[in-house]
Amino acid sequence: MARNITSRVSYLDKDFNGLKRAERNKASYVCKKIHDIYWKYEFVKKETYWLDKLKDFDRTPSVVKKEDHEFVMEYVGEPVTSENLPDDWKEQVEYILEKLEEHGCSHNDIKREEILVKDGKLHLVDFQHATHGRAEFFKGEHKIRGIMKREDRKSFEVELGRLEKKKCKTS
């Protein structure tokens with residue numbers, strides 16, 4: 001997960017001790033803390049709601065601990081790049097989208113840094129802007145600067161399609 005304006009992410013080992021950013025591939029957990037100016041949006045509540053709802057889905061992290069303005073979830077990989085993009089990414093995206101649809105979830109903010117790879121599998125994180133369907137997203141409070149205006153399928157296609165083109169050029 002990339003550093004963003006709404007939160008700070010830290011990586012933890014199996015005993016919940018902090019790791020340096022360079023050691024994140026040794027992480028067991030990730031702690032996400034929302035910056036105080038964003039508390040009014042209840043991002044922890046919204047994100048953990050969806051992660052709890054998707055807890056049996058193998059492509060989203062499980063929540064381990066939750067407090068008012070931060071939570072700890074399992075580590076599910078490194079940000080996707082042209083080097084680690086799985087060859088079967090299109091099939092994996094279909095699988096992820098099917099599961100989101102089964103749960104009535106629209107992520108609404110899929111960017112490259114929210115698509116992680118671990119052991120050749122794509123994982124989706126950062127559900128703080130997720131809603132029950134796309135229509136709910138456009139009802140007022142989700143109009144935060146920088147949020148993707150594309151629907152989830154298009155976001156995956158654009159973000160991973162760019163990486164695939166880059167991967168083909170370097171092969």
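Points to keep in mind about this one:
- Close pairs from segment 6-24: first within 24 Å of ASP109 (Cα to Cα) and touching a residue at least 40 places away in the same chain (Cβ under 8 Å), partner surrounded by 11 or more Cβ atoms within 10 Å (Cβ to Cβ) and among the small types (Gly, Ala, Ser), Cβ under 7 Å, at least 6 apart: TYR11/ALA27
- Exclusive hit being within 26 Å of GLU159 (Cα to Cα), modelled with pLDDT of 95 or more, in contact with a strand residue (DSSP E or B) (Cβ under 9 Å, 6 or more places away or on another chain) and of a type in the set (Asp, Glu), set ASP58, ASP87: ASP58
- Flag if SER7 is crowded, with 20+ Cβ neighbours inside 10 Å and among the small types (Gly, Ala, Ser): yes
- Only residues that are in a loop (DSSP other than H, G, I, E, B) and at pLDDT below 95 were counted in segment 1-31, giving 7.
- The set of residues from segment 32-63 being touching a residue at least 12 places away in the same chain (Cβ under 8 Å) and assigned to a loop (DSSP other than H, G, I, E, B) comprises HIS35, LEU54, PHE57, ASP58, ARG59, THR60, PRO61, SER62.
- Condition check for GLU67: over 28 Å from SER28 (Cβ atoms), among the acidic types (Asp, Glu) and either modelled with pLDDT under 90 or more than 17 Å from the chain's Cα centre (by Cα) (or both): no
- Residue within segment 108-130 that is of a type in the set (A, V, I, L, M) and more than 20 Å from GLY161 (Cα to Cα) present: yes
- Within the set GLU23, GLU47, GLU70, GLU102, the sole residue that is farther than 16 Å from LEU122 by Cα, in contact with a Lys or Arg (Cβ under 6 Å, 6 or more places away or on another chain) and of a type in the set (D, E, K, R) turns out to be GLU70.
- Scanning segment 109-127 for residues being at pLDDT 90 or above and surrounded by 20 or more Cβ atoms within 10 Å (Cβ to Cβ) gives a total of 11.
The values are calculated or read from the model by the stated rules, or taken from the named source; none is laboratory data. Computed from a prediction, not measured in an experiment: that's the story for all the values here. Quick reminder, even Gly has a Cβ in these numbers, built from the backbone with ideal geometry, and neighbours come from all protein chains shown.
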